[in-house]
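**Q** Handing you this structure, nothing more for now.
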Amino acid sequence: MKNTLKTAIDGSAGLIDARNDDKSAIAHLGIAPGVIETMVAHAASEVPGVAAVGGPRVDKRFNTVLTRTDDQGGVGILAENGHIVLDISIQIFYGYKLQDIVDGIKVNVSDALESQAGISVDAINVYVSALQFEE
């Protein structure tokens, strides 16, 4: 599975893509980036109103422009000097309060990483990439 981060938050050159540029940036955690991504995606998906973690499938030419996170799993990990920032792309269901969903994701993800892996996250950025209607 190809798993690459499309861009750094706000385009800052100081942030490191933990997947490709410098795997040692999060190596001190002793946990593979894919495991962290799975934990994040699972914790985010448990929040009421979240339809999916990751963006809708679109043409690759547009995906690079539209999303800041991985086009497969919806989770990007940025690390620098022991600081971790997460980018999470989600799809939500119509009818839920957006702020409640985002707040719930931040709490769930932070709690899950802290309790299961002892990882403290400096920032969690949530991007809503699509709206779905429940059937």
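The values are calculated or read from the model by the stated rules, or taken from the named source; none is laboratory data. For clarity, every value in this text was computed on a predicted model and none was experimentally measured. Here the Cβ is made from the backbone with ideal geometry for all residues, glycine too, and neighbour counts use every protein chain on show.
**Q** Could you please find all residues in segment 70-103 being touching a Gly at 6+ places or on another chain (Cβ under 9 Å) and at pLDDT below 85?
**A** Answer for segment 70-103, where residues must be touching a Gly at 6+ places or on another chain (Cβ under 9 Å) and at pLDDT below 85: Asp70, Asp71, Gln72, Gly73, Glu80.
**Q** Note down all Cβ pairs under 8 Å where the first residue falls in segment 98-117 and is polar (S, T, N, Q), the second is assigned to a helix (DSSP H, G or I), and they're at least six residues apart or on different chains.
**A** Pairs found: Asn108/Ala43; Asn108/Ala44; Gln116/Met39.
**Q** What's the total number of residues in segment 14-50 that are outside any helix (DSSP H, G or I), modelled with pLDDT of 95 or more and not acidic (Asp, Glu)?
**A** First, the residues of segment 14-50 that are outside any helix (DSSP H, G or I): 14-22, 26, 30-32, 46-50.
Restricting the remaining residues to those that are modelled with pLDDT of 95 or more gives 46-50.
Those still in the list that are not acidic (Asp, Glu) too: 47-50.
Number satisfying all stated conditions: 4.
**Q** Among what's in segment 76-115 and is assigned to a helix (DSSP H, G or I), of a type outside the set (A, V, I, L, M) and in contact with a strand residue (DSSP E or B) (Cβ under 7 Å, 6 or more places away or on another chain), pick the residue that is surrounded by the fewest Cβ atoms within 10 Å (Cβ to Cβ).
**A** Within segment 76-115, the match that is surrounded by the fewest Cβ atoms within 10 Å (Cβ to Cβ) is Ser110.
**Q** Quick one: in segment 55-66, of everything that is in a loop (DSSP other than H, G, I, E, B) and surrounded by fewer than 22 Cβ atoms within 10 Å (Cβ to Cβ), which residue is modelled with the lowest pLDDT?
**A** Ranking the qualifying residues of segment 55-66, first place goes to Asp59.
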